[in-house]
Amino acid sequence: MCRFLVFLLNIFNYWYLFSTLHYKVLIFYLSLQQNQNTNVNKQYRMNIENAKSQMRKGMLEYCVLLLLKHRPSYASDIIQQLKNAELLVVEGTLYPLLTRLKNDGLLLYQWQESTQGPPRKYYALSKEGEHFLEGLDSSWMELSNTINYLKTITPKLLDLKN
């Protein structure tokens, strides 16, 4: 079984060049598999929390782009929508991501007056951002299919491959 997981890791290292999300989810899955064999609950919980944190970081960019696909939003609105989806994000995490996405040409922004205070910076997907999101959608489907397959593998199937 270990050789099979190493084989999978080598395959997924190739995918890393295409999407860090694939790699982070694979690491999460492998850490779950590895931790199933350990009896140290405290270490297990710490590894799970670290893996979950890494997965959230890897998915945050995709989630923000998905939100902005539907309508332009300002940072506080994005944070609230992510919170509604049970993905907790703080401003100190979101603002650098929005700046990077804007600098990469994936987002546009526009200042709009607010009736409740100062003007707000509304972010929207650029054409390049829409194409990038289509690529992430495709990657997500591949990744989802991979994870679903790995979850359904029985030990007998793994033994046949070795």
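Take the residues in segment 121-157 that are within 19 Å of the chain's Cα centre (by Cα) and among the acidic types (Asp, Glu), then tell me which one is nearest to ASP77 (Cα to Cα). So the residue we want is GLU130. A single entry from TYR16, TYR74 fulfils the requirement of being out of contact with any Gly (no Cβ under 8 Å at 6 or more places or on another chain), modelled with pLDDT of 85 or more and of a type in the set (Phe, Trp, Tyr): TYR74. Can you tell me how many residues within segment 55-68 are at pLDDT 85 or above and not aliphatic (A, V, I, L, M)? Count: 3. Provide a single number: the residues in segment 86-113 that are of a type in the set (Gly, Ala, Ser) and surrounded by 11 or more Cβ atoms within 10 Å (Cβ to Cβ). So the count comes out to 1.
Of the residues making up segment 101-120, those that are assigned to a helix (DSSP H, G or I) and either closer than 14 Å to ALA75 by Cα or small (Gly, Ala, Ser) (or both) are LEU101, LYS102. Beta carbons closer than 8 Å, at least 6 apart along the sequence or on distinct chains, pair a first residue in segment 113-142 that is within 19 Å of LEU97 (Cα to Cα) and of a type in the set (S, T, N, Q) with a second that is surrounded by 11 or more Cβ atoms within 10 Å (Cβ to Cβ) and at pLDDT 95 or above for SER126/GLY105; SER126/LEU106; SER126/LEU107; SER126/LEU108.
Can you tell me which residue among LEU133, LEU143, LEU150 is out of contact with any strand residue (DSSP E or B) (no Cβ under 6 Å at 6 or more places or on another chain), under 21 Å from SER53 (Cα atoms) and assigned to a helix (DSSP H, G or I)?
Exactly one of LEU133, LEU143, LEU150 is out of contact with any strand residue (DSSP E or B) (no Cβ under 6 Å at 6 or more places or on another chain), under 21 Å from SER53 (Cα atoms) and assigned to a helix (DSSP H, G or I), namely LEU143.
The values are calculated or read from the model by the stated rules, or taken from the named source; none is laboratory data. Remember, it's a predicted structure, so these values are computed and weren't measured experimentally. A quick note on method: Cβ atoms are made from the backbone with ideal geometry, for glycine too, and the neighbour counts reach across all protein chains shown.
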